[in-house]
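Worksheet for the structure shown next.
The values are calculated or read from the model by the stated rules, or taken from the named source; none is laboratory data. Since we're looking at a predicted model, the values are computed, not measured. No Cβ is skipped: glycine too gets one built from the backbone with ideal geometry, and neighbour counts run over all protein chains shown. Calculation scope for accessible area: heavy atoms of the full protein, side chains included, ligands and nucleic acids excluded. Shrake-Rupley method; radii C 1.70, N 1.55, O 1.52, S 1.80 Å.
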Amino acid sequence: MGLQFYNTLTQRLEPFSPLNGKTVRMYTCGPTVYHYVHIGNFRTFSFQDILRRTLLARGFQLEHVMNITDVEDKIIRNAVAQGKSLQEYTSEYTKAFLDDSALLRLERPERMVLATEHINEMVEAIQRLAAKSHTYESEGSIYFRIASFKDYGKLSHMNLSGNVAGARVDVDEYEKDDARDFVLWKAQKPGEPAWETPLGTGRPGWHIECSVMAMKYLGETIDIHTGGVDLVFPHHENEIAQSEALTGKPFARYWLHAEHLMVEGQKMSKSLGNFYTLRDLLGKGYAPESIRYLLTTTPYRKQLNFTLDGLKAAAASIERLRNFQYRLDNENFGEGLSEPLEARQEAASKKFNEGLDDDLNTAEAAAAVFEYIREANSAMDSGQFLAGNRPGAARLLASFDAIFDVLRPTASEGGMSDSEIEAAIAERQQARKSKQFAKADQIRNDLLAKGVILEDTREGVRWKRKQS
RNA sequence: GGCGCGGUAGCCAAGUGGUAAGGCAGAGGUCUGCAAAACCUUUAUUCACCGGUUCGAAUCCGGUCCGCGCCUCCA
């Protein structure tokens with residue numbers, strides 16, 4: 001069957017193949033760094049990470065560019081209010097974004113680019129659009145005239161001829177010929193940071209940055225462009241208009257959009273008090289892996305209902321995976337190879353890959369691994385699991401973790417060191433040997449209170465740090 | 001009003017014509033000095049509702065109800 005994606009542009013599932021050989025050129029819309037990025041944003045970025053990893057697992061090379069929007073209305077408003085320069089203001093949140101992304105184990109795109117470092121290219125693009133009569137000026141600002149681009153609306157599939165019924169009247173302070181025209185260059189307003197350019201003193205609109213940076217680094221036609229569903233219109237629609245008006249070539253071949261995340265069944269908002277950043281959740285004691293698991297195991301085109309109960313369930317699911325990994329690594333198995341079990345592993349592996357190939361159906365992929373784990377656990381209990389089955393099982397887990405990346409626990413800060421824990425365990429074992437069970441239980445309870453869980457297995461005492 | 005996503009067990013969630021994956025929680029059991037740990041088993045005669053097509057539908061068609069998103073630079 002091969003890899004296929006749902007393309008917003010065609011509203012169909014399509015087999016994926018890049019334009020040039022095995023190299024995939026991908027542009028993903030990154031954050032606007034006016035505040036800490038919230039968990040809903042990370043749903044989209046996590047989807048992009050699963051996409052990256054799946055492409056890599058299929059043997060593609062990636063040229064992935066992600067932008068960071070570091071000039072925008074809210075940024076300017078906040079920076080001015082705090083008496084900071086744009087750069088001073090955004091660097092803090094940019095760093096936070098990168099730190100949070102690392103905690104969530106999001107692979108770094110090959111290139112991350114800042115809007116403010118591409119002002120010249122944007123100016124040049126706007127000049128070229130002007131030369132092709134796609135723009136007009138009004139009160140010092142420059143707008144894109146959507147009537148000049150016949151395909152406008154092809155991504156969002158909205159009928160934009162005539163008035164849009166129910167749409168509110170434009171209240172923008174700038175004068176536009178048509179309410180749906182969008183700004184390419186904004187004239188400076190008093191007190192705002194601005195660039196002096198041949199277009200006048202001002203700053204770029206939002207949409208132009210993505211067109212310019214995508215084409216600069218990836219070429220005029222890129223393979224994949226992604227973002228959240230809210231970007232379909234107008235942002236991505238506008239990107240298409242600008243880019244294709246400029247080049248006359250298709251801008252992106254596959255458009256993938258992640259559905260939104262809900263919190264406890266409701267839209268996340270500050271007024272409802274259900275607005276979470278990653279730091280909020282980490283502060284409540286949840287592990288980054290749990291958050292990553294919850295964000296990635298619901299397929300990206302389905303609205304994700306994010307709940308704290310869901311986080312606990314995610315932590316328990318990860319524990320199940322890790323427990324299996326532990327048994328696989330530590331138990332002794334008989335010599336030989338169980339053919340039926342190996343066939344089960346191969347079937348699970350096939351289902352895992354087919355799930356991912358089917359528009360990144362992560363739920364299906366994960367289910368395949370869990371099914372196998374249940375069978376393998378049973379086989380281990382009954383002695384049917386043999387040493388020869390170990391490599392196959394390990395491969396399945398490794399291919400799972402190459403995508404989901406949740407098996408490795410995040411190192412906890414503070415608390416007892418490994419050697420302290422092991423010393424306490426040795427002491428408890430001594431007590432158990434001499435049947436001082438009260439003392440042994442005391443040690444176990446003390447460790448539990450410090451977040452260390454003990455398990456007495458046939459192969460000895462296993463310990464792990466408590467995760468949530 | 002237009003465009004789009006969705007309604008499957010207590011919760012999360014696969015499955016798009018052949019008789020309901022998986023995870024969590026709950027219940028029972030195995031192991032254990034004991035155990036909150038681990039492991040196993042079990043949990044939807046039914047897929048929002050009403051019609052229709054079909055030998056057969058959660059899956060296709062028509063209609064209804066409900067949730068959510070976008071339609072002014074929100075992932």
Q: Find how much the distance from A:K189 to A:A411 grows on full extension, using 0.36 nm per residue of separation minus their present alpha carbon separation; answer in nm with one decimal.
A: 75.1 nm
**Q.** Radius, Kirkwood style, for the range A:240-393 when every pair of distinct Cα atoms is counted (Å)
**A.** 18.6 Å
Q: Please label the shape of the range A:12-258 as rounded, prolate or oblate, based on the square roots a ≥ b ≥ c of the eigenvalues of the alpha-carbon gyration tensor (a/c under 1.5 means rounded; beyond that, a/b larger than b/c means prolate, else oblate).
A: oblate
Q. In whole Hz, what ³J(HN,Hα) sequence does the range A:135-150 give by Karplus (6.51, -1.76, 1.60; θ = phi - 60°), x for Gly and Pro?
A. 10, 8, 10, 8, 6, x, 9, 10, 10, 8, 8, 5, 5, 8, 10, 5
Q. Relative to the Cα centre, what is the charge dipole magnitude of chain A, using +1 at the beta carbon of each Lys and Arg, -1 at the beta carbon of each Asp and Glu, and rounding to the nearest 20 debye?
A. 1040 debye
Q) Considering amide H positions built from the backbone, and no H for Pro or chain starts, which residues 5 or more places from A:Q61, or on another chain, come under 5 Å of its amide H? A) A:T23, A:V24
Q) According to the Cα gyration tensor, what semi-axes, each the square root of 5 times an eigenvalue, does the equivalent ellipsoid of chain A have, listed from largest to smallest in whole Å? A) 50, 27, 17
Q | Extreme residue, positive dipole direction of chain A, given options A:F333, A:L218, A:N120 (C-beta unit charges) | A | A:F333
Q: Place a +1 charge on the Cβ of each Lys and Arg in the range A:418-465 and a -1 charge on the Cβ of each Asp and Glu, then give the dipole magnitude about the Cα centre in debye, rounded to the nearest 20.
A: 180 debye
Q | Bins of 10 Å from zero: percent of alpha-carbon pairs in the range A:222-322 | A | 13, 35, 26, 18, 8, 0
Q. Rounded to the nearest 5, what % of the DSSP beta bridges within chain A are antiparallel ones?
A. 50 percent
Q: Return the Rg/Rh value of the range A:366-468, two decimal places, where both radii are evaluated on C-alpha atoms and Rh is the Kirkwood radius.
A: 1.06
(Q) Please list, ordered by chain and number, the residues whose modelled amide H lies under 5 Å from the amide H of A:Y6; skip anything fewer than 5 residues away on the same chain. (A) A:E14
Q | Relative contact order (percent, whole number), chain A, Cα cutoff 8 Å, 6+ residue spacing | A | 16 percent
**Q.** Burial order of peptide ranges A:442-451, A:358-367 (average beta-carbon count within 10 Å, highest first)
**A.** A:358-367, A:442-451
Q: Kindly provide log₁₀ I(q)/I(0) values, in the same order as q = 0.13, 0.15, 0.21 Å⁻¹, from the Debye equation applied to equal alpha-carbon scatterers of the range A:418-465.
A: -0.24, -0.33, -0.65
Q | Translational D in µm²/s for the range A:283-355 (Stokes-Einstein at 37 °C, 0.692 mPa s, Kirkwood Rh from C-alpha pairs) | A | 219 µm²/s
Q: Just grab the label-to-label distance for A:A343 and A:N445, each label 7 Å out from Cα along the Cβ direction, in nm (one decimal).
A: 5.2 nm
Q. Between A:H157 and A:T247, what FRET efficiency follows from the Cβ-Cβ distance if R0 is 30 Å, with the result rounded to 0.05?
A. 0.85
Q: Starting at the first residue of the range A:53-59, write each ³J(HN,Hα) from the Karplus equation 6.51 cos²θ - 1.76 cosθ + 1.60 with θ = phi - 60°, in whole Hz, x for Gly and Pro.
A: 5, 5, 4, 5, 5, 8, x
(Q) If I model a spin label at A:A438 and A:I119 as a point 7 Å from the Cα along the Cα→Cβ vector, what separation in nanometres do I get? (A) 7.6 nm
Q: Work from the charge dipole of chain A (Cβ charges, +1 for Lys and Arg, -1 for Asp and Glu, about the Cα centre) and give the residue of A:V33, A:A187, A:L396 farthest towards its positive end.
A: A:L396
Q) Can you list the residues, at least 5 places off or on another chain, whose amide H is less than 5 Å from the amide H of A:M262, using H built in the peptide plane? A) A:L304, A:N305, A:F306
Q | Under the Karplus curve 6.51 cos²θ - 1.76 cosθ + 1.60, θ = phi - 60°, whole-Hz ³J(HN,Hα) for the range A:371-387, x wherever Gly or Pro sits | A | 4, 5, 4, 4, 5, 5, 4, 4, 5, 5, 4, 9, x, 7, 7, 10, 3
Q. Share of antiparallel DSSP beta bridges in the range A:12-258, in percent to the nearest 5?
A. 40 percent
Q. Under unit Cβ charges (Lys, Arg +1; Asp, Glu -1), what dipole magnitude, rounded to 20 debye, does the range A:346-413 have relative to its Cα centre?
A. 340 debye
(Q) So, R0 is 41 Å and r is the distance between the beta-carbons of A:S378 and A:R279; what FRET efficiency does that work out to, to 0.05? (A) 0.50
**Q.** Principal-axis tilt of helix A:339-357 within chain A, Cα atoms, nearest 10 degrees
**A.** 20 degrees
Q: Under 15 Å from the Cβ of A:K302, count the other residues' Cβ atoms, weight Lys and Arg +1, Asp and Glu -1, and hand me the total.
A: -2
Q: Take the range A:36-168, drop everything but the C-alpha atoms, weight them equally and run the Debye formula without solvent; then report log10 I(q)/I(0) at 0.09, 0.13, 0.14 Å⁻¹ to two decimals.
A: -0.44, -0.91, -1.02
Q) Accessible area, 1.4 Å probe, largest first: how do A:W195, A:W255 sort? A) A:W195, A:W255
Q: Highest first, please rank the peptides A:141-147, A:324-330, A:122-128 by the mean number of other Cβ atoms sitting within 10 Å of their residues.
A: A:141-147, A:122-128, A:324-330
Q. Helix A:206-218 versus the longest principal axis of chain A: what angle, 0 to 90°, nearest 10, using Cα atoms?
A. 70 degrees
Q) For the Cα atoms of chain A, what angle does the longest principal axis make with the long axis of helix A:418-433, in degrees from 0 to 90, nearest 10? A) 30 degrees
